[in-house]
Every structure is written in C-alpha cells, then in structure tokens.
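Take a look at the structure set out below.
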Amino acid sequence: MTLKLNASIRSTVGKKLAELRQAGKIPAVVYGHKTENLNLEFNYTEFEKAFKSAGESTIIELVLEGKEPIKALISEVQIEPGKGRIVHADLHQINMKEKINANVPINLIGESRLVKEEGAVVIHNISDVDINCLPGDLIHEIEVDISTLNDFEDNIAIKDLKVPANVEIMNHEPEDVVVLVTRPKEEKEEEPASVVPTEGEVVVEGETPKEGEAEKK
C-alpha cells in the first residue's frame, strides 16, 4: 500500500518555524537516499491523517510541484509535550530495490475461551517487531488470533507468526513468546487479627476476653 501526500519545499528555518506551525504547517526533513537532505513542509491535517493511516511501516509518496515524487517512510515524529500536537517529522527516502528495516505492530484478534469461561488474563509480551524486506513487500501489521489459546499451557511465539516468506523478523528468537494467557489471581481471605492479652489477662483459644476480665492470681 502506498499513500500520497502533498509537500512543499521549505525555506523557513530556525525561530521562524513557530510562525510556520501557527499557520497550520508541519516542518519536516527527508533524509535522502544517496542525495542531499531536503527541507519540506506539510499541511498539518493532511500529514496527521497520513501518519495515523501509515504509521512507520507504509510507503508514502511525497508529491512535490515540479519534481519527481519521492517514496519515503516516516521515521520519527516529534510531539509537543502536554498538547499532543505534531511539531516536526523526519522521513527516510527509500530505494525500491534495496531492503529496509521497519517496525510493525502486532495486533491481537479473536478471543480465547479461557477469558470468557475462566476469567483468564491475556499477557501481550511482544507488541511490535522489527522486520527486514524490500519496500514493496512491507506489511502494515501482523495479526495474531488468540482464539487458538485453549489451554493455560498454550502460547503463541515468534515462530508462529504468519508473515510472507520474503519478510524477515529481526532481533528475536523463534521461541520468544508473543502472547499467552494466565489464570486469574485468587483473592486471599483476610485472617482475623490476633488478640494480644494485656498483663493479667488470659486468652482461651477460641474466645475473646471481655473488657475488665482478668485471671485472679
């Protein structure tokens, strides 16, 4: 899947970037593939929509007036603390003939019967993985169906993930556990507080001494 995104060459730099942002633009830099870096700007709404759809694992075709389209991946987005607004973006220009690394999320689908019948808890150990492949073979996500987890001894590991043959999962061992279910925690009953006799009192097992009662010497 390839998304198209309009872009413009940016001449604004430094302190004037604040004015650019106030005008509803996002400053960005495209790090070129064997070319010089390119300063760009995007319409805020258009870029935000593309980023939500593409994430960091979908090719974006940057459309620039008077230039050849640039195929790129979003590599980093800076967020303004406290406001959640995008203030800057870095993109990486790609060569469709060279393999690249990308990070893709693992999304859980379905439901284990153990959750419905026994209140089991789903433990999602690995939520995303790095992959290596040609740009044209990029996948946007990896779906994992947890309805196959029918026993507390079951789990789904890296080796069980369904990915195309030309996509390689990096930085994980085949046996690394992606997801499993565990038994619900049992609530412990509170034990009654023990009674500590005061001087002169005798506590008979199973009884609580009454106020003022004491064994006469």
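General remarks:
- Built amide H within the under 5 Å cut-off of Val129, gap 5+: Val104, Ile106
- FRET efficiency for His172 and Phe152, using Cβ-Cβ distance with R0 set to 30 Å, rounded to 0.05: 0.80
- A crude spin-label estimate for the pair Lys185 and Lys49, with each label 7 Å from Cα along the Cβ direction, gives 4.5 nm.
- If you take all other residues with their beta carbon under 15 Å from the beta carbon of Gln78, and give Lys and Arg +1 and Asp and Glu -1, the sum is -2.
- Between Val115 and Ser127, the simple label model (points 7 Å from Cα in the Cβ direction) yields a spacing of 1.5 nm.
- What the phi angles of segment 168-176 give under the Karplus curve with 6.51, -1.76 and 1.60, with θ = phi - 60°, is a coupling list of 10, 7, 9, 6, 9, 8, x, 8, 4 Hz, glycine and proline written as x.
- Karplus-derived HN-Hα couplings along segment 177-183 (A = 6.51, B = -1.76, C = 1.60, θ = phi - 60°), whole Hz, x at Gly and Pro: 7, 8, 8, 8, 10, 10, 5
- Inter-part distance, segment 144-189 to segment 32-92, computed on C-alpha centroids, equals 33 Å.
- The H on the amide N of Leu149, modeled in the peptide plane, is under 5 Å from the matching H of no residue at least 5 residues off or on a different chain.
- Note on segment 100-182: dipole from Cβ charges, positive end direction compared against Ala165, Pro135, Ala120; the farthest Cα belongs to Pro135.
None of the figures in this text is laboratory data; all of them are computed from the coordinates on show. As the structure is a prediction and not an experimental result, all values here were calculated from the model. Glycine also receives a Cβ, built like all others from the backbone with ideal geometry; neighbour counts cover every protein chain displayed.
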